[in-house]
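Colleague: My structure is below; once you've seen it, I'll send some questions.
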Amino acid sequence: MAGSERTLKRPFNAYHRDRAMPVDPELQETGWGMPCGEYLRRFWQPVALSEDLGDRPLALRILGDDLVVFRDGSGRPAVLEKHCCHRGTSLEFGKIEEQGIRCCYHGWLFAPDGAILETPGEPPGSRVRDKVFQGAYPAHEFAGIVFAYMGPPEEKPAFPDYDLWARRAVADFQPYKIHNPCNWLQVRENEMDPVHITFLHTRHSGVQFTPCYGAVPTIEWQETPVGMMYVSVRRWGDFLYLRSNDMILPNIARVAGIEDAEGETEFDRRSGATNWVVPIDDANCWTIGWDEVDRHIPEEGRDGYLDRMARRGANMLNPNSAGQTAEPTYEMRQAAPGDWDAWTSQGPVTSHSREHLGLTDRGVTMYRRLVRDGVRAVAAGQVPKGLQAEAPPEPLRTFANNTVKRVPPAPTEEDDRALRLEFGREITERIMRGEIRYTLHQAAE
Ligand code: FES
Ligand SMILES: [Fe+2]
């Protein structure tokens, strides 16, 4: 028998815990026709890396749909339903040709938009190819990643244009993808939970970023025009270190670089990462995005941690992926777990009914609310926040940022906490007002 709340507040209560594990369909059910799946389908989603597309079609599942992804002989990326519309054979056994893909079973040839170009075994006069299309989704390739739009074709939005893309002029965008055997939300909401960096990534597992992350930050969250952000401020000796990350709706994180807070790096926006978390099905997802490696290292004195490391010739490739894969052995993961262990060990699809949230989880609840609002907007036939139906006149601004400034400590911890909050708000306001911008920062170098 399930225990009441009162029972669960007593010691040794495991027997009485409610075993029901309800999921939240608005946030966790991602298949076609499900509320969250329909929401995510309104946005362009990454499905594969360009380097995955070779001579043979790539079979994969995204948002519960079985697909093949390939690049045809003329270079066009294509995303088709996996099962041939003739008799259902998988197109992963097909051949890529100049104009599309040819099914292995009876040789039907499909164009990237699903049009049937040839039905070679059919006699003259057969009109079957004029009557049907293979299921297809629009594809778009950008900076080494293949995206698909899997929503209603008449509502296809423009491919999003963020100010981040301008960084390609100064940094190499290095695409990567990581498989997570758990629900997409567990992975994504971690991004708005910055207090875990102090514990998981520093005090528990040894220094996975830099030592200054061991300081417990003040944290505030706020909505932005593209979604929301957190603003964390740490005290490290004579310095204050502000780090803020964007959550760009519906499922994109813009992650600032890492700092050691050993020198001022005002408004540093170098060498971050941008990634999507896209459902494969309800219990699996991909993290797909880019790590950025700046080609230009600023002169000493105007640099940040990654610049200093680069100057010493340290290999900082993929700096943001530490602890985000299953690659270490189980023993190593037990000794020094990372993000991957934290979010996958919650279970394939965790039940929010068993959580007990604290004040530092406000970012998680805020993100869930924004997703829920978007899910409901789509269900009501409205445009969800963050969706750009038309290309915006200017790239959309994002706000992730690192700022380290010399600000000596206040006399008491209470006063210093107030100082940190004040510092976080002041810098964030300047960023939000547009005084501090990517392009300006780049130009200043
Ligand atoms: S099943 Fe594909 S052509 Fe027949
Ligand atoms: Fe993390």
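Colleague: How high is the relative contact order of the chain, in percent, counting Cα pairs under 8 Å that sit 6 or more residues apart?
Modeller: Averaging sequence separation for qualifying contacts and normalising by length gives 19 percent for the chain.
Colleague: Another one. At q = 0.17 Å⁻¹, what log₁₀ I(q)/I(0) does the stretch 44-155 have when each alpha carbon counts as one equal point scatterer in the Debye sum?
Modeller: Log-scaled intensity ratios, in q order: -0.74.
Colleague: With a 1.4 Å probe and every protein chain left in place, work out the accessible area per residue of the chain in Å², rounded to a whole number.
Modeller: That works out to 46 Å² per residue.
Colleague: Which residue, 251, 407, 198, has the largest displacement toward the positive end of the dipole of the stretch 163-444 when charges sit on each Cβ (Lys, Arg +1; Asp, Glu -1)?
Modeller: 251
Colleague: Check cross-link reach from residue 131 to the lysines: straight Cα distance under 22 Å, and skip same-chain residues fewer than eight apart.
Modeller: 82
Colleague: Separate question: Evaluate the Kirkwood expression for the hydrodynamic radius of the stretch 246-400, namely the inverse of the mean inverse distance over all pairs of different C-alpha atoms, and round to one decimal in Å.
Modeller: Averaging 1/r across every pair of different Cα atoms and inverting gives 18.7 Å.
Colleague: Continuing with the same structure: To the nearest 20 Debye, how big is the dipole of the stretch 271-394 about its Cα centre, given +1 on the beta carbon of each Lys and Arg and -1 on that of each Asp and Glu?
Modeller: For this selection, approximately 400 debye.
Colleague: A follow-up question, please. Specify the angular offset, from 0 to 90 degrees and rounded to the nearest 10, of the alpha carbon long axis of helix 362-379 from the longest principal axis of the alpha carbons in the chain.
Modeller: Value to nearest ten degrees: 30.
Colleague: Right, next: On C-alpha positions alone, give me the angle between the axis of helix 413-433 and the longest principal axis of the chain, in degrees, nearest 10.
Modeller: 40
Colleague: Using all C-alpha to C-alpha distances in the chain, build P(r) with 10 Å bins and read off the rounded percent in each one.
Modeller: Result returned by the calculation: 4, 19, 28, 25, 15, 7, 2, 1, 0, 0.
Colleague: If I build a Gaussian network model for the chain, linking alpha-carbon pairs within less than 10 angstrom, which residue out of 273, 115, 314 has the largest mean-square fluctuation?
Modeller: Maximum fluctuation in the GNM of the chain, among the listed residues, is at 314.
Colleague: Further question on the same structure: Show me, for the stretch 165-177, the HN-Hα J-couplings you get by feeding each phi into the Karplus relation (A = 6.51, B = -1.76, C = 1.60, θ = phi - 60°), rounded to Hz, glycine and proline as x.
Modeller: 4, 5, 5, 5, 6, 10, 9, 7, 8, 9, x, 8, 9
Colleague: What is the projected area of the convex hull of the Cα atoms of the stretch 84-232, averaged over all directions, in nm²?
Modeller: 14.2
Colleague: Another one. Less than 12 Å Cβ to Cβ from residue 324, Lys/Arg counted +1 and Asp/Glu -1: what total charge do the surrounding residues give?
Modeller: Net charge in that neighbourhood comes out at -3.
Colleague: Of the listed peptides 247-254, 99-106, 292-299, 13-20, what is their order by residue-averaged count of other C-beta atoms within 10 Å, with the highest listed first?
Modeller: Ranked by mean Cβ neighbours within 10 Å, highest first: 247-254, 99-106, 292-299, 13-20.
Colleague: If packing is taken as the average number of other Cβ atoms within 10 Å across a peptide's residues, how do 172-185, 150-163, 210-223, 381-394 rank, most packed first?
Modeller: 172-185, 210-223, 150-163, 381-394
Colleague: Of the heavy-atom accessible surface of the chain (probe 1.4 angstrom), what whole percent is carbon and sulfur?
Modeller: Of the solvent-accessible surface of the chain, carbon and sulfur hold 53 percent.
Colleague: Among the lysines, select those whose C-alpha is under 19 Å from the C-alpha of residue 385, and discard any that sit fewer than 8 residues away in the same chain.
Modeller: Of all the lysines, those that pass the test against residue 385 - Cα under 19 Å, at least 8 places apart if same chain - are 156.
The values are calculated or read from the model by the stated rules, or taken from the named source; none is laboratory data. These numbers come from a predicted model, not from an experiment. No Cβ is skipped: glycine too gets one built from the backbone with ideal geometry, and neighbour counts run over all protein chains shown. With ligands, DNA and RNA removed, areas are computed over all heavy atoms of the protein, side chains included. Shrake-Rupley method; radii C 1.70, N 1.55, O 1.52, S 1.80 Å.
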